[in-house]
Every structure is written in structure tokens, then in C-alpha cells.
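All remarks here apply to the structure that follows.
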């Protein structure tokens, strides 16, 4: 198996060493530089990486990544798009060769976007038969033959994006992507999400358009309904119920309803909905997840509700769960100690 890494770069000198050391087991590594003014190119070439040059004008991400892919050797069997702010975990080559099947055209692997956000990604594919499409949030599209996906738990790519880094062109490019393909539900969702990020109330109308489209991933449809609920105080519960129905294995909508119940002084409702959230698996995390809904805050809320109901045994279980998710929190430690020694309703109260 001949494996090639391809990537774009522009002023990525700070990332070169980590990126290069993570992918040395590849047979070929080609980086397309799009106009670096620092020493990115010199560092890459000194490490034995092939550097090509080019810059699509006007800039759009699909054209740029397709140009980068073109610089990968035609005789490569498998190619991996590995951005310069990403790195492969050790052991990736062995796992790739083990999990890639003769019929595979695309491999799905674990992508750690941050220390707490991970989801399946699909940027490992056959050299031929694919192209990137979409001005931004570009997708990998099979245009020649049937797509066959396989999955690997051993191939892991981690993202090391600079804190606070943003792409100022995202909203402009998303508007263009939606204009180009107004029936593309995926792009409509990203466009509406970007408007929400910009705190533009127009996101509600755009999410409504998205929900009226055929298709769309369940987690993204659930996300759309949650945003609409967050921006519609009177219809919040209705939207959250819709989110649950769209994606019942994700915790976010349950957490929102639990918080609504807590705000209304309803510990029974709070505990019920918090339990539903806690029954959801971490495996369901995705780019559409609210990571706070997987944090210590959810069992902590369940603990508070159980305490108010006098269910101290269950409160202790939730307190321990919260502490396991945030082991350095002194308040959570204190709650566990108190609940472990509590013998009656008149005992000391957890905070």
C-alpha cells in the first residue's frame, strides 16, 4: 500500500515540526503552499517534505484542496488530507493497513477537534475517484464508482488549532455555497449555524429553511431545532421536544429541558430529564454537539435534584459521576464527602 499525505499551508511554521513528525511513516508527503511569508516552506523542505505552490483566485476551499490533491502522486493507493494544524497519533500506519479493505474507498476514523470534542471524520480515501466540493465546509464527494466506507478506531487525528483563530471569509463563502446549490441541505445548515455564531437573528429563518429541505443528518436537524428553541422563549419546550425526536440518542435537548424544569423549581422533572441525558453515550458526539452537555454539569444537576427529593443514594451516584468528570473541583469533592456520611434528611446539605 502506497500512502500519500496532502495538505495546504500558509504561514504554518509553528506547526511544521509536530505535523511532520506525526506523518513520517507515509510514503509521500506533499504540501501545497499558497503564499507563505514566513519560513514554512524552508522548514518543510528541510524535513524532506515535497512542497508545491499555487493559490486559487478567487479563494475557495474546494478549489484549494483539489489543487492540493492534484499534487499527490497518481500511483498512490490511499491519500490522507492532513492539515498543518493536525497530527496523526502514533501507530496510524499499522492501523490503516489493518483496517483498510480491498473494497474500501474511504476510511472513517476518530478526529479529536479539541480535548473534549471528537467525532468520526472521513478525509482518508483512495487517490482516484474523489474531489472536494463546496466553497467552504467542503465535502469529499465520490464521482467515479460506488463508495465503500470502512471504520478504524486505531487511526486518530488530533486538531491543534490556534485558540481564537477564525476564517473571516466563512460567512461570505457560505452565502456563495448556498447560492450555488440552494438544495444542498448540508450547506444550508452550515450557513444558518454561521449566522447564529454571528448572533444574527436571521439564523432562525435559515434553520427553518433547512428543516423544510429533504434529507439532512439527524444530529444537524436536532441542532437546528435547539437553536430555534434557544431564540424562542415561548416555544422553547416545543422545539426541544422536536430536537429529541430528531436525534433521541443525543443529550442536548434533555439537558435543556432539565434546566428549564430546575428554573421552575421542579426537581422531579429536572431529575427525569437529566437521567435521560446521562443515558446518552459519549459515542454520539459530533460537530453538532454541545460539549457542555457531556460535562460534569449534567450529573451535578441530577445530584441537586435528587438531593431536593431526598434521594440521597442516587444523589451520591450522580455526585461521584460529576467528580469523575471534573476531579479537581473542590465543591464536587465536598459534595461526595457529605453524601457519603449523610444518614438522614437532617444531615449537612451538599452545595
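Of the DSSP beta bridges with both residues in region 3-159, give the percent that are antiparallel, rounding to the nearest 5. It would help to have the intermediate numbers written out before the result.
On the way: 16 of 36 bridges.
Close to 45 percent.
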Taking the alpha-carbon centre of each part, the distance from region 39-110 to region 3-19 in Å is 9 Å
Two pseudo-spin positions, 7 Å from Cα along C-beta at residue 11 and at residue 324, lie apart in nanometres by 4.5 nm
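By the gyration tensor of its Cα atoms, with a ≥ b ≥ c the square roots of the eigenvalues, what is the shape of region 252-351: rounded for a/c under 1.5, prolate for a/b over b/c, or oblate?
Numbers: a/c = 2.40, a/b = 1.45, b/c = 1.65.
In terms of gyration-tensor shape, oblate.
Just for the chain, what percent of DSSP beta bridges are antiparallel, to the closest 5?
Values: 16 of 36 bridges.
The antiparallel fraction comes to roughly 45 percent.
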Ordering 324-330, 51-57, 84-90, 217-223 by per-residue average of other C-beta atoms within 10 angstrom, highest first, gives 217-223, 84-90, 51-57, 324-330
Yeah, region 109-222 with a ≥ b ≥ c from its alpha-carbon gyration tensor (a/c under 1.5 is rounded, else prolate when a/b outruns b/c, oblate otherwise) is oblate
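What does the helix-only formula give at 222 nm for the chain: each DSSP H stretch with n ≥ 4 adding -39500 (n - 2.57), the total divided by the residues, and the result rounded to the nearest 500 deg cm²/dmol?
-13500 deg cm²/dmol
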Listed with the fewest Cβ neighbours within 10 Å leading, 50, 133 appear as 50, 133
Ranked on Cβ counts within 10 Å of their own Cβ, fewest leading, 250, 103, 194 go 103, 194, 250
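Only Cα pairs under 8 Å and at least 6 apart count here; give the relative contact order of the chain as a rounded whole percent. Don't jump to the answer; show the numbers that get you there.
Working: 604 pairs, mean separation 37.4, N = 351.
Rounded, it is 11 percent for the chain.
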Where a ≥ b ≥ c are root eigenvalues of the Cα gyration tensor, a/c under 1.5 meaning rounded, otherwise prolate if a/b exceeds b/c and oblate otherwise, the chain counts as prolate
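Bear in mind these aren't lab numbers, they're just calculated from the coordinates by the rules spelled out. Values in this document were obtained by computation on a predicted structure and should not be read as measured data. With ideal geometry, Cβ positions are generated from the backbone for all residues, glycine too; neighbour counts draw on all protein chains shown.
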